[in-house]
Structures are given as C-alpha cells and as structure tokens.
1. For segment 234-250, name all the residues that are crowded, with 21+ Cβ neighbours inside 10 Å and in contact with a strand residue (DSSP E or B) (Cβ under 9 Å, 6 or more places away or on another chain).
2. Quick one: would you say Phe250 is in a helix (DSSP H, G or I), under 19 Å from Lys48 (Cβ atoms) and either more than 21 Å from the chain's Cα centre (by Cα) or hydrophobic (A, V, I, L, M, F, W, C) (or both)?
3. Restricting attention to segment 96-103, does a residue exist that is touching a helix residue (DSSP H, G or I) at 6+ places or on another chain (Cβ under 6 Å), within 27 Å of Val6 (Cα to Cα) and part of a strand (DSSP E or B)?
4. For segment 18-28, which positions are buried (at least 16 other Cβ atoms within 10 Å of the Cβ), within 18 Å of Cys129 (Cβ to Cβ) and out of contact with any Lys or Arg (no Cβ under 8 Å at 6 or more places or on another chain)?
5. Report yes if Ala81 is within 26 Å of Asp219 (Cβ to Cβ), assigned to a strand (DSSP E or B) and in contact (Cβ under 8 Å) with a residue 24 or more places away in the chain, otherwise no.
6. Modelled with pLDDT of 95 or more and over 13 Å from Thr203 (Cα atoms): is that true of Lys66 in this structure?
7. Hey, can you tell me all the residues within segment 203-216 that are touching a Ser or Thr at 6+ places or on another chain (Cβ under 7 Å), of a type outside the set (Gly, Ala, Ser) and part of a strand (DSSP E or B)?
8. Quick one: in segment 169-191, of everything that is under 21 Å from Gln141 (Cα atoms) and of a type outside the set (A, V, I, L, M), which residue is surrounded by the most Cβ atoms within 10 Å (Cβ to Cβ)?
Amino acid sequence: MSNKQVEQYNNDGYVCPIRALTPEEAENFRNRMDALEASEPDLWSRSKIKPHLMMTWFNELIRHPKILDAVEDVLGPDILAWATGHFDKKPRDPGFVSWHQDATYWGLSEPSVVTAWVALTPSRHENGCMRVIPGTHTTGQLPHKDTVNQHNLLSRGQDVEVQVDEARAVDLELQPGEISLHHTMLIHGSEPNHSDTRRLGITIRYVAAHVRQTSGFKDSATLVRGIDRYGHFLTEPQPTQDFDPPVVAFYNDIVGEIRSRKEAIAAQAKSAGS
C-alpha cells in the first residue's frame with residue numbers, strides 16, 4: 001500500500017479499494033467455487049468454519065501474494081491466516097449483517113488482526129456492500145447483544161450496543177479482484193441486496209504471528225508469510241485436493257473444539273441474562 005493508504009488504515013480503520021487480483025483471477029476463483037457448489041449441494045454447511053481447509057481454491061486465495069503485500073503493511077512480515085468466510089448475497093437477497101465489531105467473540109489476545117474482504121463480483125451500495133463507521137476502531141471493545149433474525153448473516157446475530165451514527169457510514173464499493181482491509185475493532189455491517197446483481201465476497205482474517213488464542217481451547221492457523229516464532233496455533237495442513245481426507249480429519253477435530261467452545265460461551269451468556 002502507499003503511505004497514504006497506511007495512514008488511512010491507522011486513522012480510519014479501513015482501506016478501500018486495493019487492487020489485488022486481476023479480473024481474470026477473480027473470475028477463475030469464482031468459477032471454481034461455483035463448480036464445487038454445483039457438485040456439493042451442502043458445500044457451505046460442511047465447511048462453514050475455516051473453509052480454506054476444505055477447498056484448494058480457497059487455500060490458494062489466502063496465500064495470494066498481492067493480498068499479503070497489503071496485509072504486511074498493516075501487520076508486519078510474519079502473518080498467519082486464522083479464519084475465513086464466505087458472504088454470498090444472491091439477487092434480491094434479504095440477508096444483512098448487523099453493526100458489530102469482529103473481535104467480540106474471537107478470544108484473541110490483542111487486535112493485531114486485519115480482515116481482507118475479497119470481491120469476486122461487483123460489491124456496490126445497491127447490492128449490499130460492506131459499510132463501515134470510520135474511526136470506531138479506536139473505541140476499544142464495545143458491548144454487544146445477541147439477536148435473533150433469520151436474515152442476519154452473523155452466526156450469533158451480534159449487534160453493537162451503542163448508538164451508531166449511520167450518517168457517517170461509508171460504503172466499501174469494490175470491483176472483482178479488488179479488496180478492502182478493515183481493523184478487527186471497526187464497527188461495520190451491510191444491508192440486503194436490493195438489486196438483480198449477485199454480491200459475492202470472501203473474508204480472510206489475518207493475525208500477526210505473536211497473537212494467541214485466550215479462550216482456553218485448541219485453535220489453528222496457516223502460516224502464509226514470514227516465520228512463526230511463537231507456535232501459539234496448531235499448524236494447519238494444506239489440502240492437495242478438495243475435501244482431502246487427512247485435512248478433513250484435522251478440520252473435524254478443530255471445528256468440533258470451536259463449536260464446543262461457542263456452545264459454552266452461549267450457555268454462559270444465557271445464564272448471565274436469566
């Protein structure tokens with residue numbers, strides 16, 4: 001990134017847009033995803049958490065050098081890909097993301113974490129692009145409440161418990177192959193897709209190698225650049241094929257641990273509220 005972009009990230013908590021993939025590369029990743037979806041109808045239910053372990057195209061994407069070049073300007077030279085996600089809004093999709101901070105339930109030791117949002121289709125205001133509230137990454141961790149709405153794309157429907165000035169919101173509009181970066185504490189969300197155009201984005205959560213999991217459960221990550229001098233996370237295997245059996249076994253172990261931890265946290269929150 002340019003010095004101006006790095007300054008913007010530090011001041012506002014985000015940078016957008018950054019050209020990382022060529023349009024042809026973005027189309028290739030999207031086509032490989034679509035082909036796998038066609039052959040695996042339950043693709044995303046099978047690989048909702050850490051899908052980069054299950055699909056070769058996704059594992060290639062987290063290692064893309066142009067994405068890592070931008071992330072390095074924020075996190076430094078030693079980078080782990082810790083978590084990934086898939087946000088696909090079909091035309092007229094009512095799905096939305098409530099205002100929230102990413103780090104709320106992650107249990108990481110510090111906010112040396114950045115999310116790369118990779119556009120595989122155009123992401124515009126009319127089809128529900130991500131929106132951010134600039135500068136809110138400096139407020140620290142804010143309280144959130146869990147909500148229930150079938151159209152909320154967040155697993156817990158978390159909603160920040162502060163008054164959000166939506167007049168300050170900025171749309172992070174992207175073309176295929178462009179990315180945005182945002183800080184783990186930045187308040188952000190998105191609205192439904194009111195258009196006839198699909199909005200498909202991939203999220204990659206990168207952490208500096210010194211960050212660790214504090215929630216008391218087993219966690220894993222993939223070293224994608226530099227050196228891991230700390231070993232805070234289990235080393236993730238790299239799939240040689242989609243749903244590579246040894247990697248699937250590793251995935252099931254790790255995801256089972258994560259789900260158990262989430263259930264425990266949810267039970268604690270319910271008990272505290274009763």
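The values are calculated or read from the model by the stated rules, or taken from the named source; none is laboratory data. These figures come from a predicted structure and were not determined experimentally. Virtual Cβ from ideal backbone geometry, glycine too; neighbours counted across all protein chains shown.
1. Glu236
2. For Phe250, the condition - in a helix (DSSP H, G or I), under 19 Å from Lys48 (Cβ atoms) and either more than 21 Å from the chain's Cα centre (by Cα) or hydrophobic (A, V, I, L, M, F, W, C) (or both) - is met.
3. The answer is no; no qualifying residue exists.
4. Result: Ile18, Ala26.
5. yes
6. The answer is yes for Lys66.
7. Thr203, Ile204, Arg205, Val207
8. In this case the residue turns out to be His188.
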